[in-house]
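Colleague: Here you go, one structure.
The values are calculated or read from the model by the stated rules, or taken from the named source; none is laboratory data. Computed from a predicted structure; not experimentally measured. Neighbour counts run over all protein chains shown; Cβ positions are idealised from the backbone, glycine included.
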Ligand code: X2X
């Protein structure tokens, strides 16, 4: 009853303060959904982009951000952006694979040794090829790929030093065949799950382990439910900034140009933020109680090489995509 009463009494701010002019209505109010907490650099830079886009389009394009899976998990948002129910989404390349099979080519296990190789590939013809395939699927991809990071393994019970230690471990991976295939090849017991369910599944020990870049382990507070972090760098993962082809087409060309330019610029800054965060995040996670180790990647790659992991994915992605990948990664498998 009290709630009803106070709602009835609430006076809209613009009426209560008639001297404040009601904001001009934007011609295009667009929704952007993502799966990360507000404090992650993806959301910090997206907020900056939204503000700049609104200013530079004189208020015509207003991008409202819905962080933390407010609009549903990754699979839900992927469906929504296909049909124009949301206008922007930043899926990991891993997750957009159900729609664009070649998209996660960057996430082949142990392909990239460092960021120089990653950005050369993504800003070069590998990223260009993925962008074309995404357009064919009816989405528009901003050319600058945002950074998720090198994925690291975390566990609750014991550190993983070798592939043998992974055997039988119940590990959550994203909704991605490539991730499942990688961890099966390494002898673990992977399960696909949307990110929105990860914290609880670890907290309740439905899962023993997960894998994500350290900035996510920090901002999504996974350190509260995981004890060990192993710097395995097994996958480099990026966020593709995609727009719904249907609603993107409705924007006048000058607005498209402004929006894409600003999103790409903020994407470059976001990469920088992650790079700076990478320098401090380990100490922070250790201070929060995590034990961080650096297993030798060699035995993991050797274990993969004993399976058909690389040849299978070469066949799935196709020779064109695979040769674009190997141009940057060197020969795999
Ligand atoms: O779901 C994950 O693990 C995350 C947050 O890294 C992705 O978006 C793939």
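Colleague: Look through the stretch 199-217, keep the residues that are part of a helix (DSSP H, G or I) and in contact with a helix residue (DSSP H, G or I) (Cβ under 9 Å, 6 or more places away or on another chain), and return whichever of them is farthest from the ligand (Cβ to nearest atom).
Modeller: 203
Colleague: A further question follows. Does residue 262 count as outside any helix (DSSP H, G or I), surrounded by 14 or more Cβ atoms within 10 Å (Cβ to Cβ) and either touching a strand residue (DSSP E or B) at 6+ places or on another chain (Cβ under 8 Å) or modelled with pLDDT of 95 or more (or both)?
Modeller: For residue 262, the condition - outside any helix (DSSP H, G or I), surrounded by 14 or more Cβ atoms within 10 Å (Cβ to Cβ) and either touching a strand residue (DSSP E or B) at 6+ places or on another chain (Cβ under 8 Å) or modelled with pLDDT of 95 or more (or both) - is not met.
Colleague: Would you mind listing the strands (runs of 3 or more DSSP E) fully within the stretch 139-198 where at least 2 residues are at pLDDT 95 or above and within 11 Å of the ligand (Cβ to nearest atom)?
Modeller: Passing ranges, in order: 146-155, 170-173.
Colleague: Looking at the stretch 26-43, which of its residues are closer than 20 Å to residue 73 by Cα and either surrounded by 16 or more Cβ atoms within 10 Å (Cβ to Cβ) or more than 16 Å from the ligand (Cβ to nearest atom) (or both)?
Modeller: Within the stretch 26-43, 30, 31, 32, 33, 34, 35, 36, 37, 40, 41, 42, 43 meet the criteria.
Colleague: Kindly indicate whether any position in the stretch 228-245 is buried (at least 16 other Cβ atoms within 10 Å of the Cβ), in contact with a helix residue (DSSP H, G or I) (Cβ under 7 Å, 6 or more places away or on another chain) and modelled with pLDDT under 95.
Modeller: no
Colleague: Only residues that are within 12 Å of the ligand (Cβ to nearest atom), in a loop (DSSP other than H, G, I, E, B) and over 19 Å from residue 279 (Cα atoms): list them for the stretch 218-241, please.
Modeller: Selection gives 240 alone.
Per-residue answers, yes or no, for (1) at pLDDT below 95; (2) within 18 Å of the chain's Cα centre (by Cα); (3) buried (at least 16 other Cβ atoms within 10 Å of the Cβ); (4) away from the ligand (no atom under 13 Å from the Cβ):
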site: 51; (1), (2), (3), (4): no, no, no, yes
site: 64; (1), (2), (3), (4): no, no, no, yes
site: 79; (1), (2), (3), (4): no, yes, no, yes
site: 83; (1), (2), (3), (4): no, no, no, yes
site: 99; (1), (2), (3), (4): no, yes, yes, yes
